[in-house]
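To start, the structure itself, in structure tokens.
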Amino acid sequence: MKVVRRPKKGGNWKNKMMNSDNNNSKQPKQKSLLLSRKYIALLIVCIITGFIIGFSYNLSKDKRTLSSASPQFEQENQYREDLIAKKERNKELAEELAQLEDKIRAYEKQFSSNEAQYEQNRQDAEQLRLLLGLSAGVGPGIKITLRDGDYNPNTTNPNEYIVHESHIFKLLNELKIAGAEGISINGQRLKPNSYIICNGPVITIDGQQYPAPFVVEAVGNQEVLVSSLELSGGVFDQLINEQIVVTVEKSDLIEMKTISDE
Amino acid sequence: MWLPLLGLIFGVVLGILTDIQIPSVYENYLSIAVLAALDTMVGGIRAQLQQVYDDKVFISGFFFNIILAAGLAFLGVHIGVDLYLAAIFAFGVRLFQNIAVIRRLILTKFENRKLNK
């Protein structure tokens, strides 16, 4: 038994060797076929891998170009540029307007110097322009300050002693009736189409907010203006009746800007 | 030996030239596909160098990995968990391991050649 076994073992080992040798010797024969199969598999995988990589590269590139030029961003830019252009154009036009107005005034002056009857017209035009706020109001006038009344602990309602827009309306109407040529409130020139809104403790004039005290300046005949305001039962009496502190002062030189300066 | 490389280049060119738009929802899948493909390719090279390469394993691994990763990502999208991260992690780790093995194999080969000389 022992004797038989040994050669067997050896044979097995030899067989293994032979097998591996056989495999080695077989390989060159099948090499071309094996290689081609292997290569085809590798080729397919490589092509697919390359395709995926290239495709995703392409995709991310598209996205990058998209994000840098997103429609919203472009639109915003467009609007901004438009706005700037419009603003510049506006400025140009405003300058042109000022020049033309100067020209017109020069013409008018020329005419009026030539013919006496035009003097009256020119003055009228100047008057109207003052009212419209198109020319700077300079001259003697009055300055009225409306101040909120002192805090009164007996009244719980503060509305009873603060300045409302209705008070200002009264004052303005009286001033206009009395022939004020130009009116401004806290430095804001009033136009014929100005609006005044009461907005809590402040008033809004043409979109600008002003707190109390309100300084109303009016260019015009001082005597007429003051006496018209001081009529008994007139504006001042009404205002004082409503706990508002009113001070009037005459000024020999009140200056107001034109509307376009603001 | 140069055929796979040519194939790779061909594939890249093809991919760049294709002009298909896919919805951004599916971009996760694409990233996973890239990783799976790269992983399989590097794995194939390693197997080749270790002389255990089998094209059946290679091909089936390639497609199976991609499908599995895409399926995982799909599941993740639908249950609201970023499961595709798991695939990315697994593929990334394996990619690095395979590349390390390849590097070592090449280094030893190089040294052996030097010693033989």
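The values are calculated or read from the model by the stated rules, or taken from the named source; none is laboratory data. Quantities reported herein were computed from a predicted structural model and do not represent experimental measurements. Reconstructed Cβ throughout: ideal geometry from the backbone, glycine too, with neighbour counts over all protein chains shown.
Candidates are the residues of region B:12-31 that are in contact with a helix residue (DSSP H, G or I) (Cβ under 6 Å, 6 or more places away or on another chain) and more than 10 Å from chain A (Cβ to nearest Cβ); the one that is surrounded by the fewest Cβ atoms within 10 Å (Cβ to Cβ) is B:Tyr29. Among the residues of region B:2-11, those identified as within 7 Å of another protein chain (Cβ to nearest Cβ) and modelled with pLDDT of 80 or more are B:Gly7, B:Leu8, B:Ile9, B:Phe10, B:Gly11. Among the conditions (1) touching a strand residue (DSSP E or B) at 6+ places or on another chain (Cβ under 7 Å); (2) in contact (Cβ under 8 Å) with a residue 12 or more places away in the chain; (3) surrounded by 15 or more Cβ atoms within 10 Å (Cβ to Cβ), the only one that A:Tyr161 does not satisfy is (1).
When we screen A:Ile240, A:Ile205 for residues that are crowded, with 16+ Cβ neighbours inside 10 Å and out of contact with any His (no Cβ under 7 Å at 6 or more places or on another chain), the only hit is A:Ile205. Of all residues in region A:165-181, one or more are at pLDDT below 80, within 34 Å of the chain's Cα centre (by Cα), assigned to a helix (DSSP H, G or I) and closer than 24 Å to A:Asp237 by Cα. Among the candidates B:Phe74, B:Phe62, B:Phe96, the residue that is surrounded by 11 or more Cβ atoms within 10 Å (Cβ to Cβ) and either within 14 Å of chain A (Cβ to nearest Cβ) or within 19 Å of A:Ala41 (Cα to Cα) (or both) is uniquely B:Phe62. Annotation: of all residues in region B:32-56 being charged (D, E, K, R) and farther than 17 Å from B:Ala87 by Cβ, the one that is farthest from the other protein chains (Cβ to nearest Cβ) is B:Arg46. When every residue of region A:71-84 is checked against the conditions, at least one turns out to be exposed (fewer than 10 other Cβ atoms within 10 Å of the Cβ) and over 30 Å from A:Asn121 (Cβ atoms). In this entry, A:Ala180 is excluded by the filter for residues that are touching a residue at least 40 places away in the same chain (Cβ under 8 Å) and surrounded by fewer than 19 Cβ atoms within 10 Å (Cβ to Cβ). Return yes or no: is B:Ala90 within 14 Å of the chain's Cα centre (by Cα), closer than 30 Å to B:Leu105 by Cβ and either of a type in the set (A, V, I, L, M, F, W, C) or within 14 Å of another protein chain (Cβ to nearest Cβ) (or both)? For B:Ala90, the condition - within 14 Å of the chain's Cα centre (by Cα), closer than 30 Å to B:Leu105 by Cβ and either of a type in the set (A, V, I, L, M, F, W, C) or within 14 Å of another protein chain (Cβ to nearest Cβ) (or both) - is met. Restricted to helices (runs of 4 or more DSSP H) entirely inside region B:4-117, those with at least 2 residues that are of a type in the set (Phe, Trp, Tyr) and touching a residue at least 12 places away in the same chain (Cβ under 8 Å) are B:55-79, B:84-116. So is A:Ile197 of a type in the set (A, V, I, L, M), part of a strand (DSSP E or B), over 24 Å from the mean Cα position of the chain (by Cα) and at pLDDT 80 or above or not? When the stated conditions are applied, A:Ile197 does not pass them. Among residues of region A:230-254 that are in the same structural domain as A:Asn173 (by TED's automatic domain parsing), those with a Cβ under 6 angstrom from a residue that is surrounded by 14 or more Cβ atoms within 10 Å (Cβ to Cβ) and among the aromatic types (Phe, Trp, Tyr), sequence gap 6+ or separate chain, pair up as A:Glu230/A:Phe236; A:Gln243/A:Tyr161; A:Val246/A:Phe236.
Scan region A:93-114 and report the pairs whose first residue is under 14 Å from A:Ser135 (Cβ atoms) and whose second residue is aromatic (Phe, Trp, Tyr), with Cβ atoms within less than 8 Å and a gap of 6+ or a chain change. Close Cβ pairs (under 8 Å, with a partner that is aromatic (Phe, Trp, Tyr)) amount to A:Glu108/A:Tyr118.
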